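Peer 1: Handing you this structure, nothing more for now.
Values quoted throughout were computed directly from the atomic coordinates according to the rules given, and no laboratory measurement underlies them. All values reported here derive from a predicted model rather than from experimental measurement. We place every Cβ from the backbone using ideal geometry, glycine too, and count neighbours over all the protein chains shown.
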Amino acid sequence: MDFPIDLLRTFLAIVDSGSFTTAGQQVHRTQSAVSMQIKRLEETIGRPVFNRIGRSFTLTMEGESLIPYARRMLKLHEETVAALIRPEMVGAVRIGTPDDYAAQILPEILSRFAQTHPHVQVAVYCQPSSELSPALEKGDIDLALLTGDCYLGKGEAEVVRRDPTLWVTSASHLAHEHEPLPLAIFQSQCVFRDWAFQALDAAGRPYRIAYQSASVAGILAAVSAGLAVTVLAGCIVPTTARVLTEKDGFPPLPETTIVLKRSPGAHSQVIDCMATYIREEVSNRNV
């Protein structure tokens, strides 16, 4: 049994976009051609990957099982092409990101990029989104991951992920039951800090700032020790942590929007390639 890469690419485009029509636009095929590709894929497997209900669809058990394998095969395929077929890249790219994304998301991106483009120099700047946006406008950095819809609409910016924003505490302590609630939060100019304060104020729940840090490592250290509760984007919550919900008495928080934004005029093969790696890793990240 062989799985042609183009069939897997189309399959994932449908899964991620939720539409055969949109998937066709992404893979540059007509809707009928997309349907034929899925038929070929299902004939290869011997079972359907989608349950079709009119114009909508759901994944079958086999379709659900195929997703992680398809993502890994496509990722390896792209890295192989980059390493063996594309011309060797040289140059530099400057990336800006808040500390929490740098700690949890960036290592995998940099590792993959270094394997396929070892002669490209990469510089990483960790600052709050509010400081990275002006740096982009001035051309001090080439690309940045920013938190918030407010960074859309100006220049080249795209949403690469939307995540729930979550209250997080230690799975083996009871800091969330303390009054006033002890918080471990980022320093000023952090949207998660503002959201936490606003939600607790609206709920009438007293709180105190127990720990402040500019780094997610410092925040998580206080949380894992059972000393405080924090607020994080869903994609960076440690698997060992406990997520608190309305059942635990915690108010809902706004959705986290992660935006990839490019500096005006920052166009080169190196920058385009890094943007692709960032987009794929952040959007496909499993949590």
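Peer 1: With bins 10 Å wide starting at 0, give me the P(r) of the range 18-134 over every alpha carbon pair, in whole percents.
Peer 2: It works out to 11, 27, 25, 25, 12, 0, in whole percents.
Peer 1: Follow-up question, since we're still on this one. Per-residue ellipticity at 222 nm for the chain, helices alone: DSSP H runs ≥ 4 residues times -39500 (n - 2.57), over residue total, nearest 500 deg cm²/dmol?
Peer 2: When only DSSP H runs of four or more count, the value is -13500 deg cm²/dmol.
Peer 1: So if each residue of separation counts as 0.36 nm, and I subtract the Cα-Cα distance between residue 138 and residue 22, what length gain in nm does that give?
Peer 2: Difference between extended and current length: 38.3 nm.
Peer 1: Continuing with the same structure: Between residue 84 and residue 124, 0.36 nm times their residue separation minus their Cα-Cα distance comes to what?
Peer 2: Extending this stretch completely gives an extra 11.7 nm.
Peer 1: For the range 5-84, state the semi-axes of the equivalent ellipsoid (square roots of 5 times the eigenvalues of the alpha-carbon gyration tensor), sorted largest first and rounded to whole angstrom.
Peer 2: Semi-axes from the Cα gyration tensor: 21, 15, 11 Å.
Peer 1: Follow-up question, since we're still on this one. At each listed q (0.13, 0.18, 0.21 Å⁻¹), what is the log10 of I(q)/I(0) that the Debye formula gives for the range 104-216 modelled as equal alpha-carbon point scatterers?
Peer 2: -0.70, -1.10, -1.29
Peer 1: So for the chain, Kirkwood radius off the Cα pairs, Stokes-Einstein at 4 °C and 1.567 mPa s: how many µm² s⁻¹?
Peer 2: The Stokes-Einstein estimate is 61 µm²/s.
Peer 1: Note down the magnitude of the dipole of the chain about its Cα centre, charges +1 on Lys and Arg C-beta and -1 on Asp and Glu C-beta and zero elsewhere, to the nearest 20 debye.
Peer 2: 460 debye
Peer 1: Shifting gears a bit: Residue 50: net charge of surrounding residues, Cβ under 10 Å, Lys/Arg +1, Asp/Glu -1, itself excluded?
Peer 2: Residues close to residue 50 contribute a combined charge of -1.
Peer 1: Oh, and also: Please find the FRET efficiency linking residue 5 to residue 162, where r is the Cβ-Cβ separation and R0 is fixed at 30 Å, and quote it to the nearest 0.05.
Peer 2: 0.60
Peer 1: Arranged by the count of other C-beta atoms within 10 angstrom, fewest first, what order do 28, 173, 117 take?
Peer 2: The fewest-first ordering by Cβ neighbours comes to 28, 173, 117.
Peer 1: Taking the DSSP beta bridges in the chain as the whole, what percent of them are antiparallel, to the nearest 5?
Peer 2: Approximately 60 percent, going by the DSSP bridge assignments.
Peer 1: Further question on the same structure: At q = 0.14 Å⁻¹, what log₁₀ I(q)/I(0) does the range 165-254 have when each alpha carbon counts as one equal point scatterer in the Debye sum?
Peer 2: -0.40
Peer 1: Only bridges with both residues in the range 165-254 count here: give the DSSP antiparallel percent, nearest 5.
Peer 2: 55 percent
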